[in-house]
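Quick notes on the structure that follows.
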Amino acid sequence: MSEDVVLLQKMVIEHTDANAKLREELTFLKRHIIGKKTERFISIPGQLTIEGLEIQLPEPTSQNSVPIQTLNQEKQKPFRKPLDESKFEVVVEELYPEGNLEEMKYMGVDETSFQVMVDAEIVIKKIKRFKYKNIITGEIVIADNPYRPFVKSAVSASIVGEVVVQKYVDAMPIYRQEQAWKRLGVEFSYSSLSDMQRMGYDLIKPLFDAFKRDVLATNYLQLDESPFKVLSSQKK
């Protein structure tokens, strides 16, 4: 009976050691696969290794030693994604070296591309419609005026659209819009900018009404509104 107990104790010790070894190998494998870059290949003294996953650490070198690099080990230059020239206007500036180029041999062109932000400009567009009188019939003819959504206004639809975008897309208060337009050389008053917002709203109101009818015609509406402070810890 005593021999059986000794045998069982020996088996328990062997299984305990094997379990500990497997746990250490599992920890090493997790660090090797999903660990941080600073943790993946840290050599821990006394740590067990898994067959086939042994790490070959480089030989330590002194501070004064210079590592020898082969062609494959040389650091590659950073690669920059080329710019899509089909989306923007391309402005080319040609630069030539100093000296008499006739005494030099042409070797090629070195190109550098980068994006440049050009300031917006306000221009005054003037439309001249020439009038003519028919000598035979006496009828006076003149060219038709191009369509303008704001005929009686001194601003175009492009400026009204920019004011609406500044207000409702960029969330710019009117007083900040005044400052932005002033940098472009135009001084719009507070009331003028407010009127432009109303003009833009009146122009797109039919589209808004169509969307509203389309939404209300559905049988299910879902809103992201809450009249109560549900995140307050002082209220249920």
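Filter region 128-151 down to the residues that are within 30 Å of GLY185 (Cα to Cα) and over 40 Å from the mean Cα position of the chain (by Cα) and list them by number.
Kept after step one, since they are within 30 Å of GLY185 (Cα to Cα), are these residues of region 128-151: 128-129, 145-151.
Hits for region 128-151 are LYS128, ARG129, ASN145.
Any residue in region 135-155 that is closer than 24 Å to ASP119 by Cβ and surrounded by 12 or more Cβ atoms within 10 Å (Cβ to Cβ)?
Yes: region 135-155 contains one or more residues that are closer than 24 Å to ASP119 by Cβ and surrounded by 12 or more Cβ atoms within 10 Å (Cβ to Cβ).
What's the total number of residues in region 156-173 that are assigned to a loop (DSSP other than H, G, I, E, B) and either exposed (fewer than 15 other Cβ atoms within 10 Å of the Cβ) or among the small types (Gly, Ala, Ser) (or both)?
Selection size over region 156-173: 5.
So, in region 178-191, how many residues would count as being within 14 Å of ILE122 (Cβ to Cβ) and either more than 29 Å from the chain's Cα centre (by Cα) or surrounded by 11 or more Cβ atoms within 10 Å (Cβ to Cβ) (or both)?
The number of residues fulfilling the criteria is 8.
Out of the residues in region 174-213 meeting the condition of being among the acidic types (Asp, Glu) and in a helix (DSSP H, G or I), tell me which one is nearest to VAL155 (Cα to Cα).
By that ranking, first place goes to ASP195.
One line per residue, one yes/no per condition, for (1) of a type outside the set (S, T, N, Q); (2) in a loop (DSSP other than H, G, I, E, B); (3) at pLDDT 85 or above; (4) surrounded by 11 or more Cβ atoms within 10 Å (Cβ to Cβ):
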site: LYS10; (1), (2), (3), (4): yes, no, no, no
site: ALA20; (1), (2), (3), (4): yes, no, yes, yes
site: ILE33; (1), (2), (3), (4): yes, no, no, no
site: ILE55; (1), (2), (3), (4): yes, yes, no, yes
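Among residues belonging to region 112-139 that are modelled with pLDDT of 85 or more and of a type in the set (Val, Ile, Thr), point out the one that is nearest to ALA180 (Cα to Cα).
ILE122
Which residue out of SER113, SER153 is closer than 26 Å to LYS205 by Cβ and out of contact with any strand residue (DSSP E or B) (no Cβ under 9 Å at 6 or more places or on another chain)?
The unique qualifying residue is SER153.
The values are calculated or read from the model by the stated rules, or taken from the named source; none is laboratory data. Quick caveat, the model's predicted, so the values are computed rather than measured. No Cβ is skipped: glycine too gets one built from the backbone with ideal geometry, and neighbour counts run over all protein chains shown.
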